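Undergrad: Below is a structure I'd like to ask you about.
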RNA sequence: GUGGAUGUAGCUCAGUUGGUUAGAGUGCCAGGUUGUGGCCCUGGAGGUCGUCGGUUCGAUUCCGAUCAUCCACCCCA
């Protein structure tokens, strides 16, 4: 097959056969966030380039080599968001949300774009679940978002994920530490790798992150940030640990976590797993007290995290965690001729309005082919409509799991069908698609029916 | 951005030591008589062997480039 073109490198298609998994995950994430008091915010996928340059930092890898930047027809420099925080902070400031009751807590699910070299678990377009909390300076805020992430993992049934935390201090103590660090690194400068050499001036802490054996050996002997952070920062970090202890969340201290985005301060953390190869970080975040000021707002403490949805799904599949099945077609209406098809269309609409998945043939295929199709899509019940049935105003409904059949009147068919379902197994029936009002109606309907048990064959 | 592996039907893979009409399983469609699925049987559709170029009388098989996927580095979610 010679296609005109294929999906762009590093992008993924989410196909209908698996989209329910992602839907479930995303709904779960937003619901858990809501339980923690975080409500969804949606911001555009692109922003003015300067926003990301300023927030992520000119020295960050993201800004230096990974952004999707283009000039639009109005000569604006536009960038597809490489991460979620900047846009949310921009909206927070632009709409004066800092005037609302503090803290302001927000969640989001958004696509992010980075010009990386693709690998499994790393894509040029990926989707990120994120949390931002504005206006809370205390360590309880970080503790809360960490426990939120932790809750997501336990809820989804994931294992083998560990939490690593670190403090990189505030502006003041970090300056002092950087000074000490640079003095140390200068002494070893000729041994450092090329990239680290270039980081030496602007952002020496990134060198601690370097994986090259020489650099990491040098880093191992380097002064430790935790020995330099000021009293307040130290107290903050200890308080965070007490909160985590109180909630029974396990963690380890990892002084090498510095994070790639320049806006972090004090707490940084990562949830990592050994089950995803080189893409080990499932969730990363921390505190960024200086960012809002950096973007033109009044000083305001803030913290948050990002979580990769594709990685989450990969991990779920790798670990064999159970996800809900795709919603099942409850009734497939087989029609033998055109008149039956008209009736099928009418009944299907009634059933759908009742909130259940109901399908009928739209290919004018043979009865056998329709039955086959119903079997293939795993329909729970089928109903055969033809001349005989229309004449008698009734239809044969077949349970595809057991193979048993019953005749139902077409008058008030939906009610009759529900009665049949009740006789077979109430629990099997899926009310997932009903809205709240419909659910109430349906449950009182079922309660009513349960009073007078109907005859069985 | 660096290094390595891979690339044949929708999917999983055979195969051609370079030679005429490229295979299997599975999936898809249709039949196996009168209106009923899952098993079985039969038939059909579907590939210019990732793409472009080179060597050759001739390449899907050899060589090169390119694109894509995967792995490690890097980076991060």
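Undergrad: Can you sort A:115, A:381, A:228 by how many other beta carbons sit within 10 Å, fewest first?
TA: A:115, A:228, A:381
Undergrad: So what is the 222 nm mean residue ellipticity for chain A from helices alone, if each DSSP H run of at least 4 adds -39500 (n - 2.57) and you divide by all residues, rounding to the nearest 500 deg cm²/dmol?
TA: For chain A, the value works out to -12000 deg cm²/dmol.
Undergrad: What does the convex hull of the alpha-carbon atoms of chain A project to on average, in nm²? Walk me through the intermediate numbers first.
TA: Numbers: hull surface 118.9 nm².
Orientation-averaged projected area of the Cα hull: 29.7 nm².
Undergrad: As I understand it, the value is the acute angle between the Cα axis of helix A:309-318 and the longest principal axis of the Cα atoms of chain A; what does it come to in degrees, rounded to 10?
TA: The answer is roughly 70 degrees.
Undergrad: For Cα pairs less than 8 Å apart in space and 6+ apart in sequence, what is the mean separation divided by the residue count of chain A, i.e. the relative contact order in percent?
TA: After rounding, I find 14 percent.
Undergrad: Give me the angle, in degrees from 0 to 90, between the Cα long axis of helix A:85-94 and the longest principal axis of the Cα atoms of chain A, rounded to the nearest 10.
TA: Roughly 90 degrees, rounded to the nearest 10.
Undergrad: Let me ask you something else. Which value results when the Cα radius of gyration for segment A:281-362 is divided by 2.2 N^0.38 Å?
TA: For segment A:281-362, the normalised Cα radius of gyration is 2.17.
Undergrad: Only counting other Cβ atoms within 10 Å, I'd like A:268, A:334, A:367 sorted with the fewest neighbours first.
TA: In order of increasing Cβ crowding within 10 Å: A:367, A:268, A:334.
Undergrad: For residue A:363 and residue A:176, what does the FRET efficiency come to when R0 = 56 Å and r is the distance between their Cβ atoms, rounded to the nearest 0.05? Don't skip to the end; give the middle numbers.
TA: Values: r = 74 Å, r/R0 = 1.32.
Computed FRET efficiency for residue A:363 and residue A:176 comes out at 0.15.
Undergrad: Any idea what angle helix A:171-187 forms with the longest principal axis of chain A, computed on alpha-carbon atoms, 0 to 90 degrees, nearest 10?
TA: 70
Computed from the coordinates by the stated procedures, all read-outs in this text should not be read as laboratory data. Predicted, not measured: the structure shown is a model, and the values here were computed from it. Quick reminder, even Gly has a Cβ in these numbers, built from the backbone with ideal geometry, and neighbours come from all protein chains shown.
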